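Worksheet for the structure shown next.
The values are calculated or read from the model by the stated rules, or taken from the named source; none is laboratory data. Quantities reported herein were computed from a predicted structural model and do not represent experimental measurements. All Cβ positions, even for glycine, are placed from backbone atoms using ideal geometry, and neighbour counts span all protein chains on display.
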Amino acid sequence: MPTVADLSQGQRGIIKSFSEDMLPVKLMELGCLPGNSIELIQIAPLNDPLYINLSGSHIAIRRSLAQLIELEIVDDSQTL
Amino acid sequence: MSETIKVALVGNPNTGKTSVFNQLTGLKQKVGNYPGITVEKKEGICKLPKGKKAHILDLPGTYSLNTTSLDESVVVELLLNKKDKDYPDVAVVISDVENLKRNLLLFTQIKDLKIPTVLVINMSDRMSRKGISLDLDLMEQKLDTKIALVSTRKNQGVERIKELIADHKNLSTLPNLNASRIAPEYFDRLQKAFPKEDLYKLWLVITQDVNFMPIEKKRIQDATSFATKSKVELKKLQHKETALRYQFINNTLRETYKVDLQAARGLRSSFDKILTHRIFGYVIFLAILLTIFQAIFDWSTYPMDFIDEQFANAGEWIKNTLPPGVFTDLLAEGILAGIGGIVIFIPQIAFLFLFISLLEESGYMSRVVFLMDRLMRPFGLSGKSVVPLISGTACAIPAVMATRTIDNWKERLITILVTPFTTCSARLPVYLILIALVIPKGRILGLSYQALTLMLLYLLGFGMAILSAMVLNKILKIKSKSLFMVEMPTYRLPLMKNVALTVLEKTKSFVFGAGKIIMAISIVLWFLGSNGHSEEFKNAETIVTQRIEEKGLSDYSKNYIQNNISTYVRSTKLSVVDQTNAVGLKSLQDSIQLMTTELREKARAQEIASYKLEHSYIGYMGKAIEPLVKPLGYDWKIGIAVLTSFAAREVFVGTLATIYSVGSDEEETIKNRMAAELDPSGKNPLFNLPTGISLMLFYAFAMQCMSTLAIVKRETNSWKWPLLQLVFMSTFAYLVALTAYQILK
């Protein structure tokens, strides 16, 4: 299953699941819950960290953490 | 009768909590620390309608009551402890209209503690731009609270907050939701075990240290005996609780919070495209740093020269006005000289804090973290280490505290250990005066040599920090979870009021904090410098007079007289013919005669003074350490200054000012006094290039700050790390300074 790390710049996905004990509670507090959307805004030079829009929260996380969040990629290229 | 209502401001980071605090309290605020820990405590007084008053406490920013850091646990501990003297009568939760959803998570948690709670929705000025519309009445009903819609930028809605605080008795104290639903059985047992306690509070106490790093928290004693669940299970329950809260919040917002995406326009994305660009991003960052250094060096010289002169004048005034005596000497030579040594650096320190607070207020700092993270990682640091390293250029103390945002313990420890290498504002006085003395004035490509030297010194400190981080990363064997998360707030025009208050407050605490030490050291130094027990000291006058009679004045004094007279002659219009404004040959010779006698007398007094100083208490102390500092190119006076600098670096200039002014009649600026000092041979200036460079390098690397050592002890909870810093950094500094001097001399 694709993860947040597989998104390309500007692409969006809906969170499916993640391993609960690996993910920090903080990330959940910011809205990282199944069903919410994540958009990849920018990838830093050297491909890490990732700058994402997590259902309205703009945050940067490292690739290693992004790989733990599984999602379903939404193709909304036509709406944008 | 005026009652004081106790108010606690709570909220997520980046919601403008501090702006609200500043609006409510104005200048009536006090910044201190929570007892025993280094979390900053801001409090202030606010006048309310109907003659009431409120005591406002600005709590550290937090995303929730599930604590992961010391800052956050301050919030939780206060809200859980009814006996605390600051326990609020009313909690004011500050939220940001754009991020209302996640801000409400904290709100519902506080509400569930049954504390009367007001919700402030801040940044309402952005609503139209973002296409947001709110149904406040319905929201108040659903959240069972009172809401104030506020824009601190436009100064709207602050009165409403005051009214709501004054009216706090009418607020509901019912919880928003019942958290025990996440594990009914577990909570049932909990209630049976502690029938008198509030369930949600118990839950918070039990989960308090689930997410803590090992070092940051002493365990809570009571109630933990009931922690029959493992950490993993508790964490799962926290996830469940969070999900439950979001369910409630989503339901509430569905009907009350509308976003019209068509109307939404954002500056963030277009700014981010440039500022986090893989090339332009770094170019801009470097340009910003360059501007800062240019400002600190070039722009601040004008106010500094002015201050320097004022202090020289003040000293002269005191000496001329007050009756001569010990007290006047102490005032003019001890205290005033020492204080002058710190006040003069206010312009530069203010500039530095101005830039740092502008970078933070505008939201740019987070972008720097984003840009730098991957680059810092090979050195065992994180992108978040950049913030401490940058704010370390102001002061290592807040910088070490700022490492708290780094969630990975190893990265955090390394950051703490290397931060003192960055050039803090206390080094600045030392650098500036030495650069002015030993580096020539020319320019290259529009940048002055002096500014470039300063920049080089900053880079040197930064480079050393990175280098030692790399070494530490190899040596330290610490396993810790790697977490990294940075919020990227929207770009905002910094609020001038906030920036001004930060600059004012930080500069004030720097001056007074350092001022106290400097004052004490100045008095002690003055005493040690103007007293002595040896025969030489007591009979200085006869000994020196005798010496002058036998051998004449010293070479230095002869030069001094010669120079003065030739300057005088050159400046006088000479004419053999009688003429207004001109001086005849005869009268010139007379006046030269007179002047020579006067200058000889002055030189004699000067020689007595320096002889006395050499044989005073401090003279003996200085001579004792001279063998140690001589290979670095320092005389015993500099040695004393370096030694006192171990209390705090900024003492250096003040110390030299005090030592040099003891017994001197001429009130000179500090710089001129230092420039006039001669090396032991009595021919060349003491502060020449090799000595200057050696001193600068010593100050660049040595760990000379007791306050930093204390803070590192506190943050790492052990003496091991600060002692390591002290020994390693200072030895290294000595060796580098030694090598540099031996090569250059």
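Here are the numbers:
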item	result
Members of the range B:596-624 found to be of a type in the set (Ser, Thr, Tyr) and either crowded, with 19+ Cβ neighbours inside 10 Å or within 22 Å of B:VAL524 (Cβ to Cβ) (or both), listed by number	B:SER610, B:TYR611, B:SER616, B:TYR617, B:TYR620
One residue from B:ILE406, B:ILE439, B:ILE397, B:ILE390 being within 14 Å of chain A (Cβ to nearest Cβ) and either under 17 Å from B:ALA700 (Cα atoms) or of a type in the set (A, V, I, L, M) (or both)	B:ILE406
Yes/no for B:LYS497 being under 31 Å from the mean Cα position of the chain (by Cα), of a type in the set (D, E, K, R) and either exposed (fewer than 13 other Cβ atoms within 10 Å of the Cβ) or assigned by TED's automatic domain parsing to the domain that holds B:GLY26 (or both)	no
Number of the condition not met by B:LEU79 [criteria: (1) in a strand (DSSP E or B); (2) farther than 30 Å from B:LYS258 by Cβ]	(1)
Answer from B:ASP305, B:ASP329 - the residue that is more than 17 Å from B:SER522 (Cα to Cα) and either under 29 Å from the mean Cα position of the chain (by Cα) or not hydroxyl-bearing (Ser, Thr, Tyr) (or both)	B:ASP305
Members of the range B:425-447 that are of a type outside the set (Val, Ile, Thr) and either surrounded by 19 or more Cβ atoms within 10 Å (Cβ to Cβ) or within 21 Å of the chain's Cα centre (by Cα) (or both)	B:SER425, B:ALA426, B:ARG427, B:LEU428, B:PRO429, B:TYR431, B:LEU432, B:LEU434, B:LEU437
B:THR490 being touching a residue at least 24 places away in the same chain (Cβ under 8 Å), of a type in the set (Val, Ile, Thr) and more than 14 Å from chain A (Cβ to nearest Cβ)	no
Set B:VAL92, B:VAL75, B:VAL120: member being on the phi < 0 side of the Ramachandran plot, of a type in the set (Val, Ile, Thr) and modelled with pLDDT under 90	B:VAL75
Out of B:GLN310, B:GLN294, sole residue that is in a helix (DSSP H, G or I), polar (S, T, N, Q) and over 25 Å from the mean Cα position of the chain (by Cα)	B:GLN310
The one condition in (1) loosely packed, with under 13 Cβ neighbours inside 10 Å; (2) within 14 Å of chain A (Cβ to nearest Cβ) that B:PHE327 fails to fulfil	(2)
Helices (runs of 4 or more DSSP H) enclosed by the range B:95-166 - at least 3 residues per element that are surrounded by fewer than 17 Cβ atoms within 10 Å (Cβ to Cβ), of a type outside the set (D, E, K, R) and away from chain A (no Cβ under 13 Å)	B:136-143
Scan of the range B:393-427 for residues that are within 14 Å of B:LEU460 (Cα to Cα) and in contact (Cβ under 8 Å) with a residue 60 or more places away in the chain, ordered by number	B:THR393, B:PRO420, B:PHE421, B:THR423, B:CYS424, B:ARG427
Residue match in the range B:517-535 (condition: touching a His at 6+ places or on another chain (Cβ under 7 Å), in contact (Cβ under 8 Å) with a residue 12 or more places away in the chain and within 14 Å of chain A (Cβ to nearest Cβ))	no
Candidates B:VAL503, B:VAL486, filtered to the one that is assigned to a strand (DSSP E or B) and in contact with a helix residue (DSSP H, G or I) (Cβ under 6 Å, 6 or more places away or on another chain)	B:VAL486
Any hit, the range B:666-678, residues being modelled with pLDDT of 85 or more and not hydrophobic (A, V, I, L, M, F, W, C)	no
Members of the range B:694-745 that are of a type in the set (Ser, Thr, Tyr) and over 30 Å from B:ASP679 (Cα atoms)	B:SER707, B:THR708, B:THR716, B:SER718
Options B:ASP298, B:ASP373; residue that is within 14 Å of chain A (Cβ to nearest Cβ) and among the acidic types (Asp, Glu)	B:ASP373
Residues located in the range B:430-452, provided they are in a helix (DSSP H, G or I), out of contact with any Lys or Arg (no Cβ under 8 Å at 6 or more places or on another chain) and either farther than 26 Å from B:ILE346 by Cα or not aromatic (Phe, Trp, Tyr) (or both)	B:LEU432, B:LEU434, B:ILE435, B:VAL438, B:ALA451, B:LEU452
